[in-house]
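Visitor: Here's a structure for you.
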Amino acid sequence: MHRAPRPLAALCLAAALATLAACTASPGAPGAPGSAPKSASGTRTVETAMGDVTVPAVPRRVVVLDTAGLDSALALGVTPVGATHGDAPSGFPRYLPAARLTGVQDLGESMNPDLKAVAALRPDLILAGKVRHEDTYAELRAIAPTVMTDDSGDSWKDGFQIHAAALGREREAARTVAAYTAHAARVTESLGGTAAAARTKVSVIRFVEGADIRIQGRRTSLGVVLADVGLGRPPVTARAANGFSYDIGPARIALAGAGASVLFHSTYGDPAAAGRTRTLASPAWRALPPVRAGRAFPVDDEVWVRSPGYLAADRVLTELQQHLTTRQAPGGG
């Protein structure tokens, strides 16, 4: 990929970090059961979003810079020495097991990781996301082998497999995928089977501070989970730009319920500033077919929208079954 020249300050930082990494890097460790083929030097080559990267056969000090990587690491039984948090002020994602995150150093927001703190941890592997960290790839690579994935939208399962290869945890990955697949099948069965699931048309909307209401499309990480259960989607989802979202104003909220039998909604930011408070109090909202039927449910934006990964997906499956097999009072949400 063609890259523009970096400013002088960025190049100086990369050189300084390279020196620190060279002085402190840990050697590769011996192989482990289930790892991919390794060279005699105790390394492996992993295909990443930035090309092939040579990583230790068994990384010992892993740093993770996005939620997808952190979800993957914990799902695979790896606790990193450091990780970034999302844009929520509460730190690491709340759905992740807190006990597993004890002692993990917070390296700042995912969009702006503290590179000096990253280098000070002497990592032998960094997991990062191309969307957020491509511009700092040279600096990160100077610290330690950096595996970048493109986990945006519906590619999160591919990203998980890259994480597993980088961590030498292919067997654990196979078990994680099998457990998730079985869970999705149980949810489908709880709805009455594949035909009944397909007849359940699910609409998902997101209230976003500073933006229009977003009707979520099919090529999102959540869209993959809904498809794995076999749930139907209303026709409006086909209008989503690039499969991600179709934005509407409050006056067009009727589109969110058109053709839907169930509606889920999440909120990013302040509910009042995002328009959620006003919309949910409006006659137009109360007129939506899923709302009238008591089939409109608020869900956690962090889990359902902002956290691509198997641990988040498993949580979504559990909540899907809870919501779709129970009813609330009409007008809820």
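Visitor: Among the aspartates and glutamates, which have Cα under 17 Å from the Cα of Lys157 when same-chain residues fewer than 8 positions away are ignored?
Guide: Once the sequence-local aspartates and glutamates are set aside, what remains near Lys157 is Glu47, Asp66, Asp71, Glu170, Glu172, Asp228, Asp314.
Visitor: Now, a different point. Work out the FRET efficiency for Arg171 and Thr102 from their Cβ-Cβ distance, taking R0 = 25 Å, and round it to the nearest 0.05.
Guide: Between Arg171 and Thr102 the formula returns 0.45.
Visitor: Spelling out what I want: for every residue of region 258-266, take phi, set θ = phi - 60°, compute 6.51 cos²θ - 1.76 cosθ + 1.60 (Karplus), and round to whole Hz; glycine and proline get x.
Guide: After applying 6.51 cos²θ - 1.76 cosθ + 1.60, I find 5, x, 9, 9, 9, 10, 10, 9, 10 Hz.
Visitor: Along the Cα→Cβ direction, 7 angstrom out, place labels at Thr181 and Ala227. What is the inter-label distance in nm?
Guide: 1.6 nm
Visitor: Another question, if that's okay. Pop a pseudo-label 7 angstrom from the Cα along the beta-carbon direction at both Ala272 and Thr325 and give the gap in nm to one decimal.
Guide: Reported label-point gap for Ala272 and Thr325 is 4.0 nm.
Visitor: Something else now. Roughly how big is region 249-313's charge dipole about its Cα centre, with Cβ charges of +1 (Lys, Arg) and -1 (Asp, Glu), in debye to the nearest 20? Present the calculation step by step, with values, prior to reporting the outcome.
Guide: Numbers: 7 positive and 4 negative charges, 70 e Å.
Dipole size: approximately 340 debye.
Visitor: Note down the magnitude of the dipole of region 214-333 about its Cα centre, charges +1 on Lys and Arg C-beta and -1 on Asp and Glu C-beta and zero elsewhere, to the nearest 20 debye. Write down the numbers at each step before the final one.
Guide: On the way: 14 positive and 8 negative charges, 98 e Å.
Dipole size: approximately 460 debye.
Visitor: For a footprinting-style exposure proxy, rank Trp156, Trp285 by other Cβ within 10 Å, fewest first.
Guide: Working: Trp156 25, Trp285 22.
Starting with the residue having the fewest Cβ neighbours, the order is Trp285, Trp156.
Visitor: Next question. By how many nm would the segment from Thr45 to Glu189 grow when fully extended, if each residue of separation counts as 0.36 nm and the alpha-carbon distance is taken off? Intermediate values should be presented prior to the final figure.
Guide: Numbers: separation 144, 0.36 × 144 = 51.84 nm, distance 4.04 nm.
Working it through step by step, the gained length comes to 47.8 nm.
Visitor: Assign unit charges at the C-beta atoms only (+1 for Lys and Arg, -1 for Asp and Glu), then state the dipole size of region 123-223 relative to its Cα centre in Debye, rounded to the nearest 20.
Guide: On the way: 14 positive and 13 negative charges, 113 e Å.
Its charge dipole is roughly 540 debye.
Taken together, the values in this text are just the output of simple stated rules run on the coordinates, not laboratory data. It should be emphasised that the depicted structure is a prediction, and the values quoted were computed from it without experimental measurement. Methodologically, a virtual Cβ is constructed for each residue, glycine included, from the backbone with ideal geometry; neighbour enumeration extends over all protein chains shown.
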